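Structure record follows, encoded as C-alpha cells.
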C-alpha cells in the first residue's frame, strides 16, 4: 500500500509566524502575563500547550478586564512590562485594535501579512467610494476583521448561491475580496456570477498562495486515493475546505484532529492512502498519523 503525504501540509507562513511569536514571548522571561486575543490559531493542541505554559486566551476586551491576572493597577498604569497581548493570526476588528491600545499592555501584532493586506485594500477601496464585497464565512474572525475596515457599505457572501441572490444596485462600483482560506473554485464561481449578473466589480483575489497550493495538491491526491485523511482543527476554516474538496474526489475521506480520532478499517483492495493537513496543523501530528498508517496497514 502506498501512502502519499501532501507536500503542502501543515503550518503556513502566517501560522508559523504567529505561533513562534507567542513561544518567543514565553521564552523572553517577561514578568507580566501573556495573553492572546482569541486562539492564536485554530488548533486545540497548540492552544492547549500554550495554556499549560501560562498563556491565557482572551475573546473580548471585557474578558481581559475580568481576568484575575489583569488588575486595575495594571490596566491604569500603562506599564507595558506588566503584560503582553498577542493578536491572533486571523487579525481583529478595527475597534478591538483601538481598544487594545488603551489597555496599557504591550501589543504584538501576529496577524498574517496576507490578512493585513486585505485590511488595507478594503480601507483604501472603500475610502475611494467603492462598495465592498467579502467572499467568506461571515462569523469567521478573519472576515469580521476585514469587514471592520470598510468605510462604507460592505456585504459578506458565503457561497455562489448567495451571490446569485445579491440584488444591490448595478450602477455602483464594487471591490470584491476573499477570505484567505476560501475554496478557490467557489470563489471563481462567485466572481463569474457577479460578472454575468451585470455588476461592475474590481476583483482582488486575496486567497493566499499557500491555500491555493494546498487545495490544488489535496484535490490531485484525493482523485487517485482509495482513502484520504484530512488533519485539522474542528474550528479551522481552511481544514474544513480541504475536507470538502477531498470528499468530492474520494468517497472514503476522514477528517480528524489528532491520531486519536483516526479509526481506519482498510480492506485489501486499498492501494493508496492520501494524507493532507490544514494550515494550523503541527508537523508532529502529521508525522504521527503518517507513521501509524505506514506501520499498521
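Considering only Cα atoms, the convex hull volume of the chain works out to 131 Å³ per residue. Residue separation of residue 67 and residue 216 scaled by 0.36 nm, minus their Cα-Cα distance, works out to 49.3 nm of gained length. For region 1-143, the gyration tensor built on C-alpha atoms gives an oblate shape. Its axis ratio a/c (a ≥ b ≥ c) is at least 1.5, and a/b is not larger than b/c.
Pairs of alpha-carbon atoms within less than 8 angstrom and 6+ residues apart define the contacts here; what relative contact order does the chain have, in percent? Answer for the chain is 22 percent.
The stretch between residue 16 and residue 295, if pulled fully straight at 0.36 nm per residue, gains 97.5 nm over its current Cα-Cα span. Running a GNM on the chain with Cα contacts under 10 Å, which residue among 257, 188, 179 ends up with the highest mean-square fluctuation? Of 257, 188, 179, the most mobile in the Gaussian network model is 188. Each of 3, 143, 115 was scored by other Cβ atoms within 10 Å of its Cβ. Arranged with the fewest first, they read 3, 115, 143.
Per the Kirkwood formula on distinct C-alpha pairs, the Rh of region 114-207 is how many angstrom? Taking the inverse mean of 1/r over all distinct Cα pairs, region 114-207 comes out at 12.8 Å.
Remark: 107, 40, 146 ranked as 107, 40, 146, counting other beta-carbon atoms within 10 Å and listing the fewest first. Distance between the C-alpha centers of region 19-35 and region 231-297? Whole Å please. If we compute the Cα centre of each part, the gap is 32 Å. Considering only alpha-carbon pairs that sit under 8 angstrom and 6 or more positions apart, the relative contact order computed for region 114-207 is 31 percent. Would you compute the Debye intensity of region 156-297 from its alpha-carbon atoms alone, equal scatterers and no solvent, and pass along log10 I(q)/I(0) at q = 0.10, 0.14, 0.15, 0.17 Å⁻¹ to two decimals? One equal scatterer on each Cα of region 156-297 leads to -0.42, -0.70, -0.77, -0.90. Helices in the chain, meaning DSSP H runs of at least 4 residues, each add -39500 (n - 2.57). Divided by all residues, the mean residue ellipticity at 222 nm is -13000 deg cm²/dmol. Footprinting exposure proxy ranking of 114, 11, fewest other C-beta atoms within 10 angstrom first, gives 114, 11. Over region 13-111, what relative contact order in percent results from Cα pairs under 8 Å that are six or more residues apart? Once normalised by length, the contact order is 33 percent.
Any read-out appearing in this document is the output of simple, stated calculations on the displayed coordinates, not a laboratory observation. Here the structure is a predicted model, which is why all the values come from computation and not from measurement. A quick note on method: Cβ atoms are made from the backbone with ideal geometry, for glycine too, and the neighbour counts reach across all protein chains shown.
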